[in-house]
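Single-structure report; data block below.
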Amino acid sequence: MRPEKAYLVKEASNYLERAEYFFLTDYHGIDADETSELRNLLAEQGAEFHVVKNSSLKIATRDKKLENLSEHLTGHTAIVFGGDDASAVAKALGEYFKKSQKVPVKVGVLGQKTLSAEDIKHLAKLPGLESLRAQLLSLINTPATQLVRVLNEPARGFVSVLQANADKN
């Protein structure tokens with residue numbers, strides 16, 4: 001393998017190694033200003049957008065045992081990865097596509113699961129990581145709040161009886 005090609009394969013492998021998830025998109029028809037706008041939008045979520053050669057990515061995905069992606073490695077391909085919240089990155093990509101009708105998502109990988117474009121649309125509809133954390137804390141906190149309320153009720157009832165008796169006299 002030529003050194004240039006080996007470098008591109010290594011770069012694609014690095015993208016896959018650094019990512020807990022990634023999305024492959026078609027960047028056909030996007031100019032430099034739009035690419036910059038998309039990169040800035042994704043950077044807000046901690047994600048990156050890189051154009052990759054299909055042949056290099058095919059080799060890198062084969063090495064990572066992600067061979068079922070090869071059918072999607074046609075045309076103009078870019079990889080989006082990074083950030084803590086895959087749902088937020090999917091939302092950002094969806095919003096950008098809705099606004100510009102450019103950079104549709106081809107396929108994605110989350111952990112070891114391959115996601116279709118439809119799966120990624122569903123992922124984008126999920127609440128963000130912070131919202132999910134808040135919901136979890138609320139669920140954990142609710143039983144404790146109810147327990148305190150139940151434990152306080154006998155004392156509150158006793159005080160109410162004493163107050164009623166004092167008001168009567």
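The values are calculated or read from the model by the stated rules, or taken from the named source; none is laboratory data. The shown structure was predicted, so the numbers you read here are calculated from the model rather than taken from an experiment. Neighbour counts are summed over all protein chains in view; Cβ atoms, including those assigned to glycine, are modelled from backbone coordinates with ideal geometry. Note: accessible area is taken over every heavy atom of the protein model, side chains too, but ligands, DNA and RNA are not part of it. Shrake-Rupley method; radii C 1.70, N 1.55, O 1.52, S 1.80 Å.
Our coupling estimate for the stretch 126-143, obtained by passing each phi through the Karplus curve with A = 6.51, B = -1.76, C = 1.60 and θ = phi - 60°, is 5, x, x, 4, 5, 5, 5, 4, 5, 5, 4, 4, 5, 5, 5, 6, 4, x Hz, Gly and Pro reported as x. The charge dipole of the stretch 9-155, taken about the Cα centre with unit charges on the Cβ atoms of Lys, Arg (+1) and Asp, Glu (-1), comes to about 320 debye, rounded to the nearest 20. Normalised per residue, the accessible area of the chain is 64 Å², obtained with a 1.4 Å probe and no contribution from ligands, DNA or RNA. Determine the calculated [θ] at 222 nm for the chain from helices alone, applying -39500 (n - 2.57) to every DSSP H run no shorter than 4 residues and normalising by the residue count; nearest 500 deg cm²/dmol. Here the helix-only value at 222 nm equals -20000 deg cm²/dmol.
For the stretch 31-70, the list of trypsin sites (Lys or Arg not before Pro) that fall in a loop by DSSP and count at most 10 other C-beta atoms within 10 angstrom reads Lys65. When the surface is traced with a 1.4 Å probe over the full set of protein chains, Glu95 keeps roughly 110 Å² accessible. Note on the stretch 119-169: with charges restricted to the Cβ of Lys and Arg (+1) and Asp and Glu (-1), its dipole about the Cα centre is near 80 debye.
Taking other residues whose beta carbon is less than 15 angstrom from the beta carbon of Gly82, and scoring Lys, Arg as +1 and Asp, Glu as -1, yields -4.
Segment Phe158..Lys121, full-extension length gain: 7.7 nm, with 0.36 nm per residue of separation and the alpha-carbon distance subtracted. Between Leu147, Gly83, Phe97, the Cα set farthest toward the positive side of the dipole of the chain (charges on each charged residue's Cβ, about the Cα centre) is that of Leu147. Hey, any idea what Rg/Rh is for the chain, computing Rh the Kirkwood way over Cα pairs? Computed over Cα atoms, the ratio is 1.36.
Note on Ser36/Asn68: beta-carbon distance plugged into 1/(1 + (r/R0)^6) with R0 of 30 Å gives a FRET efficiency of 0.40. Taking the C-alpha atoms only, the angle from helix 54-63 to the longest principal axis of the chain is near 60 degrees. Taking Cα atoms only, the orientation of helix 32-43 departs from the longest principal axis of the chain by about 30 degrees.
3J(HN,Hα) couplings calculated from phi for the stretch 87-101 with the Karplus curve 6.51 cos²θ - 1.76 cosθ + 1.60 (θ = phi - 60°) are, in sequence order, 5, 5, 5, 4, 4, 4, 5, x, 5, 5, 5, 4, 6, 10, 6 Hz; Gly and Pro show x.
Charging the Cβ of each Asp and Glu at -1 and of each Lys and Arg at +1, and nothing else, the dipole of the stretch 64-115 about its Cα centre rounds to 120 debye. When the Cα atoms of the stretch 7-83 are aligned to their principal axes, the ranges along those axes come out at 33, 25, 22 Å in descending order. Surface composition of the stretch 1-145: carbon plus sulfur atoms hold 54% of the accessible area, using a 1.4 angstrom probe and ignoring ligands, DNA and RNA.
Under a Gaussian network description of the chain, with springs only between Cα atoms under 10 Å, the residue in Val148, Val51, Val109 that fluctuates furthest is Val148. Relative to the longest principal axis of the chain, what angle (0 to 90°, nearest 10) does the C-alpha long axis of helix 3-18 take? Around 10 degrees separate the two axes.
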